[in-house]
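Everything below concerns the one structure shown next.
The values are calculated or read from the model by the stated rules, or taken from the named source; none is laboratory data. All values derive from a computational prediction rather than experimental measurement. Cβ: placed from backbone, ideal geometry, glycine included. Neighbour counts: every protein chain shown.
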Amino acid sequence: MRWSRYFLYTSKEEPAEAEAPSHRLLLKAGFIKQVAAGIYELLPPALRVLKKIEGVVRREMDRSGAQELLLTVLNPKELWLETGRWDAYGDELFKLKDRHGREYCLGPTHEEEITDLIRKTVRSYRQLPLLLYQIQVKFRDEKRPRFGLIRAREFIMKDAYSFDADEESAELSYESMRFAYERIFKKLGLKVVVAEADVGQIGGKLSHEFIALTPYGEAKLAYCESCSYAANAEVVPVNDARVWEEEERPLKEVETPGVRTIEELARFLGVEKERIVKAVVYAVKGEPVVVFIRGDREVDENKLEKLLGTDEFRLATDEEVRRFFGTERGFIGPVGLKEGTRVFWDRSVEGIKNAVVAFNEPDKHLVNANPGRDFSYGPFVDLAQVREGDACPRCGEPLRLERGLELGHTFLLGTRYSEPMKAYFTDRDGREKPVVMGCYGIGISRVLAAIVEQHHDEKGIKWPTRVAPFELLIILLNPKDEELTRVAEELYREALAEGLEVLYDDRDERAGFKFADADLVGIPYRLVVGKKVKEGSVELQSRLTGERWELPLNEAVSFVKRKVEEDKR
Ligand SMILES: [Zn+2]
C-alpha cells in the first residue's frame with residue numbers, strides 16, 4: 001500500500017478528551033474516529049489489526065472444536081422476558097420498537113437467542129456436547145462511556161456457548177475454553193492475569209476473568225505473589241477481625257460536639273480508628289439499611305449489592321438520615337437504634353472490645369462499649385472492601401491491588417438459561433433434562449485497545465508483529481531524488497512479491513515528519529531508503545526493540561521476511 005493513496009491521516013494535535021494511552025494514540029495515529037459518545041469508527045489500519053485479532057481468536061476457537069455461526073443483533077423482547085433479563089438487565093440494554101410496536105433489544109450478549117436456537121434443534125444427548133461461537137457487534141448503553149474503545153457503547157465481541165449433557169462434561173468444555181483463552185492472549189502479546197470473578201448479570205456457578213494489567217482498567221484486581229491467587233477485588237473475602245485481648249472497661253458517655261467523620265472522632269478522642277464502630281447508612285428503595293463496619297474499613301458496594309439482591313441503593317443523604325433516624329449523620333450507632341432498622345454487621349467488628357459507638361444522640365458518643373454487655377451484634381457478613389496488604393484468602397500472605405482491563409470472561413452457567421427457557425434433551429436413560437451451559441466472551445475491539453495500552457511509548461504505538469496493520473514500512477526519504485525513488489520502488493515490489501504486508505511511505509513530506517509518523521503508527525519494521533543507498537545499503541529499524549541493522553540492498557527484504565516469521569512463530 002502506498003501511503004500517498006492510503007486512508008491513514010495522522011494528527012499532531014493532542015486529543016483533549018483522551019486520558020488512556022490507547023484512546024489518545026489510536027485517535028492521533030488516525031486509527032479511530034469518534035461519531036458520538038462511546039461510538040467509534042474503525043478506519044482501514046485499525047480494521048486490519050482487528051481482523052488479525054479475530055484470526056487468532058478464530059484459529060483457537062476452531063482448534064477447540066467450536067463452530068462459528070452468526071446470531072442476530074435485533075433480539076425480540078419475548079426471549080428476554082423468558083429469562084427475566086428484559087427488566088433485570090437495567091438501563092444498559094438498548095431497547096427499540098419496530099413499526100408494528102413490537103419491542104426488541106440490541107444484543108449486549110446472546111444467551112437468550114442461542115438457548116432458543118438450541119431448544120429448537122437439540123433433541124438428544126447424541127447431539128452433545130456442542131460448542132458454538134460468533135464474532136459480532138454488540139451494544140451496551142454504558143452510563144459513562146470512557147477511554148475510547150475500552151468502554152464503548154458499540155463494540156465487537158467474540159462470544160461462545162457450550163452445551164453439555166451433564167455438569168461433568170460441562171466442566172470439561174469450560175476448561176477447554178479456558179485453555180484456549182490462555183493461548184489466545186499469549187499469541188496476541190498480552191500479559192493477562194486469570195482471576196476468579198463474580199457471576200454478575202450473566203449468572204451461573206463458576207467464572208473467570210482474563211484481565212490485562214493497565215492503570216486505565218475498570219476492574220480492580222487483587223493478587224497474591226506467593227501463591228498466584230488472583231480475583232476481582234469485589235469477590236475477595238476479607239477476614240481481618242482483630243483479637244482484642246483486654247478487660248472490659250466501664251461504659252462512659254462523652255461529648256463529641258460537631259464531630260462527624262471517623263478521622264475527626266479518632267483524633268478528638270485520641271483512639272485508633274479500629275476501635276470505632278462506624279455506621280454507613282444506605283437508602284434502599286426508600287428504606288434505611290445500616291452497615292456497621294470497623295472505623296478503618298470501607299464498605300464494598302458490590303458485595304452489598306449481592307447481599308441486598310438489588311442495585312437500587314445509594315448512600316443516604318443527610319436529609320434522609322435525619323428523616324430515618326431523627327438525628328444527624330455521624331451519630332448513628334447500635335445503641336438505641338430505631339426499632340426494626342435493617343442492619344448488617346461486617347466481620348471486621350467481630351470480637352471488638354471497649355469500642356467507640358454512637359447511640360443516636362447528637363454530639364455524643366459512648367466509649368468502652370462492649371458487645372453483649374452494652375449492645376447486641378451479629379450475625380456477621382463480609383462487606384468490607386479488600387485493600388492492599390489484606391491476607392490472601394488462600395495462603396494468608398499480603399495481597400496486592402492493581403487496576404486492569406477485563407478482556408475475557410468465562411462462565412459455567414449450569415441451567416440458568418436452559419431451565420427457564422426449557423431447552424431440554426432426551427438423555428441416555430430416556431429422561432428429559434435441561435442442557436448444561438457455559439458462555440465465554442472476548443472483547444475483540446477492547447483487545448485492540450489493550451494491545452496499545454501494553455505496547456507503546458511516548459512517541460506512539462508499537463504493534464506486536466502478529467497483529468500489526470503492516471509488517472514493514474518502507475520510508476522513502478527524498479521522493480525528489482530519482483535514484484532513491486527507483487530503489488524504494490524496487491524494494492516495495494520485492495517485499496510485496498515476498499508476501500510481506502508493506503506500507504510504502506512515498507508521500508512528499510520532510511524526513512522528520514515521516515519518522516514521527518512512523519513512530520506514531522508503530523509498524524514493527526522500517527526500511528529507511530536514504531543516503532546509504534549510494535553505498536549500496538539501507539537501514540532497517542525495529543520499532544519494537546529499537547535495534548538497527550545496515551543491510552546490503554539485495555538482502556534487505558529477505559532479512560525482514562525472516563525477522564517477521566520469527567516474531568510470528
Ligand atoms: Zn496467596
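Away from the ligand (no atom under 16 Å from the Cβ), at positive phi and modelled with pLDDT of 95 or more: is that true of residue 430 in this structure?
yes
Looking at residue 351, is it among the small types (Gly, Ala, Ser) and part of a strand (DSSP E or B)?
It is false that residue 351 is among the small types (Gly, Ala, Ser) and part of a strand (DSSP E or B).
Show the residue pairs meeting these rules: Cβ distance below 7 Å; 6+ apart or different chains; first residue within segment 390-401 and at positive phi; second residue within 6 Å of the ligand (Cβ to nearest atom) and basic (Lys, Arg).
none
Look through segment 411-433, keep the residues that are in contact with a Gly (Cβ under 9 Å, 6 or more places away or on another chain) and assigned to a strand (DSSP E or B), and return whichever of them is nearest to residue 210 (Cα to Cα).
Within segment 411-433, the match that is nearest to residue 210 (Cα to Cα) is 411.
For segment 354-370: of the residues being part of a loop (DSSP other than H, G, I, E, B) and in contact with a strand residue (DSSP E or B) (Cβ under 6 Å, 6 or more places away or on another chain), which is nearest to the ligand (Cβ to nearest atom)?
Top of the filtered list is 354.
Of the residues that sit in segment 275-295 and are charged (D, E, K, R) and modelled with pLDDT under 95, which one is farthest from the chain's Cα centre (by Cα)?
First, pick out the residues of segment 275-295 that are charged (D, E, K, R): 275, 278, 285, 287, 294.
Those left that are additionally modelled with pLDDT under 95: 285, 287.
Working: 285: 29, 287: 33 Å.
My answer is 287.
Can you tell me which of 212, 233 is within 16 Å of the ligand (Cβ to nearest atom), touching a residue at least 12 places away in the same chain (Cβ under 8 Å) and under 17 Å from the mean Cα position of the chain (by Cα)? Write out each step before concluding.
Details: 212 fails: within 16 Å of the ligand (Cβ to nearest atom).
Answer to the check: 233.
Does residue 127 count as within 29 Å of residue 34 (Cβ to Cβ) and over 19 Å from the mean Cα position of the chain (by Cα)?
Details: within 29 Å of residue 34 (Cβ to Cβ): no; over 19 Å from the mean Cα position of the chain (by Cα): yes.
Here the answer is no, as residue 127 does not meet what is asked.
Just wondering, is there one or more residues in segment 187-203 that are out of contact with any strand residue (DSSP E or B) (no Cβ under 8 Å at 6 or more places or on another chain) and part of a helix (DSSP H, G or I)?
The answer is yes; a qualifying residue exists.
(1) away from the ligand (no atom under 16 Å from the Cβ); (2) touching a residue at least 12 places away in the same chain (Cβ under 8 Å); (3) within 26 Å of residue 465 (Cβ to Cβ): which one isn't true of residue 186, the others all being true?
Status for residue 186: all satisfied but (2).
Return yes when residue 247 is on the phi < 0 side of the Ramachandran plot, more than 16 Å from the ligand (Cβ to nearest atom) and surrounded by fewer than 13 Cβ atoms within 10 Å (Cβ to Cβ) and no when it is not.
Yes; evaluated as a whole, the condition is true for this residue.
Residue 484 passes all but one of (1) surrounded by fewer than 16 Cβ atoms within 10 Å (Cβ to Cβ); (2) over 30 Å from residue 54 (Cα atoms); which number fails?
Evaluating residue 484 over (1) surrounded by fewer than 16 Cβ atoms within 10 Å (Cβ to Cβ); (2) over 30 Å from residue 54 (Cα atoms) leaves (1) as the failure.
Exposed (fewer than 15 other Cβ atoms within 10 Å of the Cβ), modelled with pLDDT of 95 or more and not charged (D, E, K, R), is that true of residue 70?
Considered against the rule, which asks whether it is exposed (fewer than 15 other Cβ atoms within 10 Å of the Cβ), modelled with pLDDT of 95 or more and not charged (D, E, K, R), residue 70 comes out as yes.
Which one of these is in contact with a strand residue (DSSP E or B) (Cβ under 8 Å, 6 or more places away or on another chain), of a type in the set (Lys, Arg) and over 21 Å from residue 423 (Cα atoms): 123, 102, 48, 119? Break it down into steps so the answer makes sense when it comes.
On the way: 123 fails: over 21 Å from residue 423 (Cα atoms); 48 fails: in contact with a strand residue (DSSP E or B) (Cβ under 8 Å, 6 or more places away or on another chain); 119 fails: over 21 Å from residue 423 (Cα atoms).
Selected residue: 102, the only one of 123, 102, 48, 119 that is in contact with a strand residue (DSSP E or B) (Cβ under 8 Å, 6 or more places away or on another chain), of a type in the set (Lys, Arg) and over 21 Å from residue 423 (Cα atoms).
Look through segment 371-402, keep the residues that are in a loop (DSSP other than H, G, I, E, B) and surrounded by 20 or more Cβ atoms within 10 Å (Cβ to Cβ), and return whichever of them is nearest to the ligand (Cβ to nearest atom).
In the first step, residues of segment 371-402 are kept if they are in a loop (DSSP other than H, G, I, E, B); the result is 372-374, 376-379, 382-383, 385-390, 392-397, 399.
Then keep just the ones that are surrounded by 20 or more Cβ atoms within 10 Å (Cβ to Cβ); that gives 383, 386, 390, 392, 399.
Values: 383: 22, 386: 13, 390: 11, 392: 3, 399: 7 Å.
Here the answer is 392.
Residues 144, 183: which one is surrounded by fewer than 19 Cβ atoms within 10 Å (Cβ to Cβ) and in a helix (DSSP H, G or I)?
The unique qualifying residue is 183.
Does segment 137-154 hold any residues that are within 22 Å of residue 62 (Cα to Cα) and not β-branched (Val, Ile, Thr), and which are they? I'd like the intermediate steps shown before the answer.
Initially, segment 137-154 is screened for residues within 22 Å of residue 62 (Cα to Cα), giving 137-138.
138, the sole residue that qualifies.
Tell me whether segment 218-228 contains one or more residues that are touching a helix residue (DSSP H, G or I) at 6+ places or on another chain (Cβ under 6 Å) and more than 15 Å from the ligand (Cβ to nearest atom).
Yes; the residues of segment 218-228 include at least one that is touching a helix residue (DSSP H, G or I) at 6+ places or on another chain (Cβ under 6 Å) and more than 15 Å from the ligand (Cβ to nearest atom).
Check residue 408 against each of (1) farther than 30 Å from residue 270 by Cβ; (2) modelled with pLDDT under 95; (3) buried (at least 17 other Cβ atoms within 10 Å of the Cβ) and name the one condition it does not meet.
(2)
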